[in-house]
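Please read the structure below before turning to the comments.
The values are calculated or read from the model by the stated rules, or taken from the named source; none is laboratory data. Small disclaimer: the values here were computed from a predicted structure and weren't measured. Virtual Cβ from ideal backbone geometry, glycine too; neighbours counted across all protein chains shown. Surface areas here come from the heavy atoms of the whole protein model, side chains and all, with no ligands, DNA or RNA. Shrake-Rupley method; radii C 1.70, N 1.55, O 1.52, S 1.80 Å.
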Amino acid sequence: MFFPAEASPSKRADDPLALDTFVCEVVAMMRMVTPPLAPFVDRLPLPSRLIATEHDGQLTVRIRAGEHRFHRDLPASSIWGFEGTVPGPLIEAERGQPVTVEWRNELEGPFPVSDTVAPQPTDADGVPVQCLPGLSGGEPDRHTAGLTGHTVVHLHGGLTPASYDGWAENIFAPGQPAVFHYPMDQRAALLWYHDHVMGITKFDVYAGLAGLWIVREDRERDLGLPEGPPFEVPLLIQDRNFDLDEQGRLTGRLVHKTDPEVMEAFAPFTVVNGKVWPVLDVQPATYRLRVLNGSNARTYRLVLLGDGAPELERITQIGTDHGLLRTPVPVPADGLLLASAERADLLVDFSDLAPGSELTVLNTAAAPFDGSSFPVADAENAADLESLLPYPQVLRFRVVGEAKVRRPIPRELVTDYELPAAEALARARRRAIALVEHERADEPSMLTMRELAVATDADGGPRVSVIDGGETTRYRVVAAHFEDMTTFFPMLGEYEVWQLINLTGDTHPIHLHLDPFQILARHPIRYEIPEDGIGDRDLAATITLGRDPDDELDHAIDENERGLKDTIRVNPNEIVEIAVRFTTFSGRYMYHCHILEHEDRDMMRPFVTMAPELMPFMA
């Protein structure tokens, strides 16, 4: 049971009035720990399959308003969805066989989400409003209510020409189709497609505009990995909240709610493939789970429990964002950590379980997430209102049917990638980006990515000093906002090393469009920012490589992060170094934090990939 610090029983035992207050607070907490919806009563739905080869690579996907029932005991919710469903169809493509999609915008009617900022961060009982359904005294935002359905689609993880990448300002209105061409010249992997409109991605994705996309190839088939139902199961994990009527009953209307202290929406109900806390019947066999964290902001640390005890040894991870790892790896000892937009390809062994056995997936990650761990043995007690995690439930597996043959796991999966050679990295262009939160009076903070360049003696203005042992490098900010001039012009075929420097208190999942990258290092840092050191464009800070005495994170690279990634977690007090190489397409792309409320508050910057022979002509 979670008790707020001021509600500790030991502090109230000698004061009868305080004890009465404490009992009322405990009742309020008990009310929150008991879910208002019954968990594990809805079967896990599987998205409809749209197989590109069955349509000669020519697909039409309508973007439509629709109705969706998120739970057995909820009224139907109005949504916006691809083909009017939540999630959209699972698109399946073959490597090397191009796919053309006509994204047909047929949206109409009012925007289906009530967006609000609650006036207070907690209710009268001290419960954080983000843990509660309803508007919590907030008024629906009229600007959000007036959205009419402009959209643009980004294939996240796709190696896509710039004109079809879903640039956030290349929007199309209802009645305007957009035809995008996807080469599919890339490794087999789980991708996803979602809305990417400038400033309102958080609303459109929350309304339902997201779906999964799998690239397949014969190399995976040669390994004997499960493909398609019933033993391959796609899982799109999100969180959602719902409104209340005057009698306090859930209405089913979607609510995107923030509060004066938390600018991100951390909704209390976990939704998998569009259902709140569903159950999946599985045979005693090996299943392949293709998992995506599609939440706006929430990070998940997924733990598998049987009879209250962790059973993570049943899970083997074989792939990450851009496909198979070189070798299978166990999931981390405290659970599978997925920030927004991260994916995992898992093999889960149910083969030794008797019919009727049940395994439950719980989330133990606090929100906002800051990299902190949670003891896996205590996962059943992960509910914590202060951590905006009232209900840790995610999904339940229920074993049915006769035992099947246990599927062997190959010891080696692929050999088509390795870390860049030391000599390639030694001559690589190095770029530094500071992740900064600029607090503002009477409005949410601005989250920005400050691109840094080495400062000269002639440069004026504030400096960012990075101290590594006896060496100090001084930087100046050259770009801070999305609309600032482009400063990154990577050349095709050449490695670069990007340093992502986190000067905030939250973990940020940073996503690069186009080619995948590889993580090189996580460096603990301590830093000092003087008063008024963060301006609208300027930044003054002193960063020292080395652990802060109060820093409890281990800053280690997990084994499942050593594959090809397009989204990487950057924890507080940390510099993450990644090796980036863009290989094929020239054009204007973007990189950004994939916490959608951050992305929409300016935590996004452009870059332009260029052919080397064009660089001498760049001003």
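Out of the residues in the range 68-87 that are farther than 23 Å from PHE172 by Cα and in a strand (DSSP E or B), state the one that is most open to solvent (accessible area, probe 1.4 Å).
HIS68
When only residues in the range 347-371 that are under 30 Å from LEU385 (Cα atoms) and not in a loop (DSSP other than H, G, I, E, B) count, which is most open to solvent (accessible area, probe 1.4 Å)?
The residue in question is GLU358.
Is it true that TYR206 is open to solvent by less than 10 Å² (accessible area, probe 1.4 Å), hydroxyl-bearing (Ser, Thr, Tyr) and in contact with a Lys or Arg (Cβ under 8 Å, 6 or more places away or on another chain)?
yes
Please verify whether the range 170-177 includes one or more residues that are touching a Phe, Trp or Tyr at 6+ places or on another chain (Cβ under 6 Å) and surrounded by fewer than 20 Cβ atoms within 10 Å (Cβ to Cβ).
no
Those residues that are open to solvent by 10 Å² or more (accessible area, probe 1.4 Å) and in a strand (DSSP E or B), I need them from the range 570-594; list them, please.
GLU577, GLY587, ARG588
Pairs only if they're at least six apart or on different chains, beta carbon under 8 angstrom, first in the range 260-280 and modelled with pLDDT of 95 or more, second among the acidic types (Asp, Glu) and open to solvent by 10 Å² or more (accessible area, probe 1.4 Å); list them, first residue then second.
LYS275/ASP42; VAL276/ASP42; TRP277/ASP42; PRO278/ASP42; VAL279/ASP42
Limited to the range 485-531, what total is found for residues that are surrounded by fewer than 16 Cβ atoms within 10 Å (Cβ to Cβ), part of a strand (DSSP E or B) and within 22 Å of the chain's Cα centre (by Cα)?
Qualifying residue count, the range 485-531: 1.
Which one is nearest to ALA309 (Cα to Cα) among residues in the range 379-422 that are of a type in the set (Gly, Ala, Ser) and in contact with a Leu (Cβ under 7 Å, 6 or more places away or on another chain)?
ALA379
Has the range 449-470 got at least one residue that is touching a strand residue (DSSP E or B) at 6+ places or on another chain (Cβ under 8 Å) and under 16 Å from HIS598 (Cβ atoms)?
Yes, that holds for at least one residue.
Please note which strands (runs of 3 or more DSSP E) are completely contained in the range 200-268 and include at least 1 residues that are small (Gly, Ala, Ser).
Hits in the range 200-268: 210-216, 250-258.
Taking the conditions exactly as written (open to solvent by less than 10 Å² (accessible area, probe 1.4 Å) and touching a residue at least 24 places away in the same chain (Cβ under 8 Å)), does VAL255 satisfy them or not?
When the stated conditions are applied, VAL255 passes them.
Quick check on the range 397-419. Is at least one of its residues crowded, with 16+ Cβ neighbours inside 10 Å, hydrophobic (A, V, I, L, M, F, W, C) and either part of a strand (DSSP E or B) or free of Cβ contacts under 8 Å to residues at least 60 places away in the same chain (or both)?
Among the residues of the range 397-419, at least one is crowded, with 16+ Cβ neighbours inside 10 Å, hydrophobic (A, V, I, L, M, F, W, C) and either part of a strand (DSSP E or B) or free of Cβ contacts under 8 Å to residues at least 60 places away in the same chain (or both), which makes the answer yes.
Considering (1) under 29 Å from VAL129 (Cβ atoms); (2) touching a strand residue (DSSP E or B) at 6+ places or on another chain (Cβ under 6 Å); (3) open to solvent by 10 Å² or more (accessible area, probe 1.4 Å), say which one GLY294 fails and leave the rest.
Of everything listed in (1) under 29 Å from VAL129 (Cβ atoms); (2) touching a strand residue (DSSP E or B) at 6+ places or on another chain (Cβ under 6 Å); (3) open to solvent by 10 Å² or more (accessible area, probe 1.4 Å), GLY294 misses just condition (3).
Quick grid of which residues meet (1) open to solvent by less than 40 Å² (accessible area, probe 1.4 Å); (2) in a helix (DSSP H, G or I):
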residue	(1), (2)
ALA424	yes, yes
ARG430	no, no
VAL436	yes, no
SER445	yes, no
MET449	yes, no
ASP457	no, no
GLY460	no, no
ILE467	no, no
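Looking at this structure, is THR299 of a type outside the set (A, V, I, L, M), under 20 Å from the mean Cα position of the chain (by Cα) and surrounded by 21 or more Cβ atoms within 10 Å (Cβ to Cβ)?
yes
Could you say whether any residue in the range 121-129 is in contact with a strand residue (DSSP E or B) (Cβ under 8 Å, 6 or more places away or on another chain) and in a loop (DSSP other than H, G, I, E, B)?
Yes, the conditions are met somewhere in the range 121-129.
Check ARG288, ARG326 and return the single one that is open to solvent by less than 10 Å² (accessible area, probe 1.4 Å), of a type in the set (Lys, Arg) and either part of a strand (DSSP E or B) or in contact (Cβ under 8 Å) with a residue 60 or more places away in the chain (or both).
Answer to the selection: ARG288.
Please go through the range 212-234 and pick out each residue that is hydrophobic (A, V, I, L, M, F, W, C) and either closer than 30 Å to GLY138 by Cα or open to solvent by 10 Å² or more (accessible area, probe 1.4 Å) (or both).
Scanning the range 212-234 gives LEU223, LEU225, PHE231.
Identify, from the list ALA118, ALA145, the residue that is over 20 Å from THR34 (Cα atoms) and either of a type in the set (Lys, Arg) or open to solvent by less than 10 Å² (accessible area, probe 1.4 Å) (or both).
None of the other options fit; the residue is ALA118.
Listed here are the residues, each with its yes/no results for (1) farther than 20 Å from ARG216 by Cα; (2) touching a strand residue (DSSP E or B) at 6+ places or on another chain (Cβ under 9 Å); (3) without any contact (Cβ under 8 Å) to a residue 40 or more places away in the chain.
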{"site": "THR160", "(1), (2), (3)": "no, yes, no"}
{"site": "SER163", "(1), (2), (3)": "yes, yes, no"}
{"site": "GLU169", "(1), (2), (3)": "yes, no, yes"}
{"site": "GLY175", "(1), (2), (3)": "yes, yes, no"}
{"site": "PHE180", "(1), (2), (3)": "no, yes, no"}
{"site": "TRP192", "(1), (2), (3)": "no, yes, no"}
{"site": "ASP195", "(1), (2), (3)": "yes, yes, no"}
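Just a yes or no: is a residue in the range 544-566 over 18 Å from the mean Cα position of the chain (by Cα), touching a residue at least 60 places away in the same chain (Cβ under 8 Å) and assigned to a strand (DSSP E or B)?
So far as the range 544-566 goes, yes, one or more of its residues are over 18 Å from the mean Cα position of the chain (by Cα), touching a residue at least 60 places away in the same chain (Cβ under 8 Å) and assigned to a strand (DSSP E or B).
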